[in-house]
Amino acid sequence: LACTVPTNEPNDPPDQTPGEPGIGAVNGTPDQTPSEPGQPLVELPPAPEGMIAIPAGNFQMGWDPTSSDKWPQNILEKEIPLHTVYLDGYYIDIYEVTNSQYAQCVAAGFCDDPPKVAGHDYYRDRHYGNPQYGNYPVTFVSWYDAENYCSWAGKSLPTEAQWEFAARGGTKSGN
């Protein structure tokens, strides 16, 4: 579980009409980001504490069926087609939400305790609520409670595209 916040900076791509939604917009133009030669460099404000800035830009999302990746076909079919996605700049948590952080949301009445999951009670009971594991990532949290946590923290859950771009370290390649 990690959360995001927008940069609140106008960073429409050069080929996009100002004010059009950028997140998830698909286009067929060559990658053109503000950091490429000839493009203005967009300075992002300093990231909020515990977050890192991900600048605006295009990236290749999905899977290229001609790549040499060896994954089961039923998984890869969900990642086709490889497509260009433009994202406005955003900040994302550097670290996953911890048991201690999540417990604060529970104490405030915004989130539910992580449920006991059959076969996993030992892990959940041993880690969640135990101060010794307060800095471990919270586990067994539903999408709804993850959304509630991020909202409570004044943030939002990352979209699939934001998560994929950030997880790749901001690289543009689809593979």
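The values are calculated or read from the model by the stated rules, or taken from the named source; none is laboratory data. Because the structure is predicted, anything quoted here is derived from the model rather than measured. Glycine gets a Cβ as well: all are built from the backbone with ideal geometry, and neighbour counts include every protein chain shown. Keep in mind that these areas ignore ligands, DNA and RNA; they rest on the heavy atoms of the full protein, side chains included. Shrake-Rupley method; radii C 1.70, N 1.55, O 1.52, S 1.80 Å.
If the condition is being without any contact (Cβ under 8 Å) to a residue 12 or more places away in the chain and within 22 Å of GLY89 (Cα to Cα), then segment 123-159 contributes only GLU147.
Residues to consider are ASP93, ASP112; find the one that is of a type in the set (Asp, Glu), crowded, with 19+ Cβ neighbours inside 10 Å, modelled with pLDDT of 90 or more and over 30 Å from THR66 (Cα atoms). Steps first, please.
Details: ASP112 fails: crowded, with 19+ Cβ neighbours inside 10 Å.
Answer to the selection: ASP93.
One residue stands out in segment 137-156 among those that are more than 22 Å from PRO48 (Cβ to Cβ) and exposed (fewer than 15 other Cβ atoms within 10 Å of the Cβ): the one that is modelled with the lowest pLDDT, namely SER142. Against the test of being open to solvent by 30 Å² or more (accessible area, probe 1.4 Å) and modelled with pLDDT of 95 or more, the options ALA167, ALA118, ALA107 yield a single qualifying residue, ALA107.
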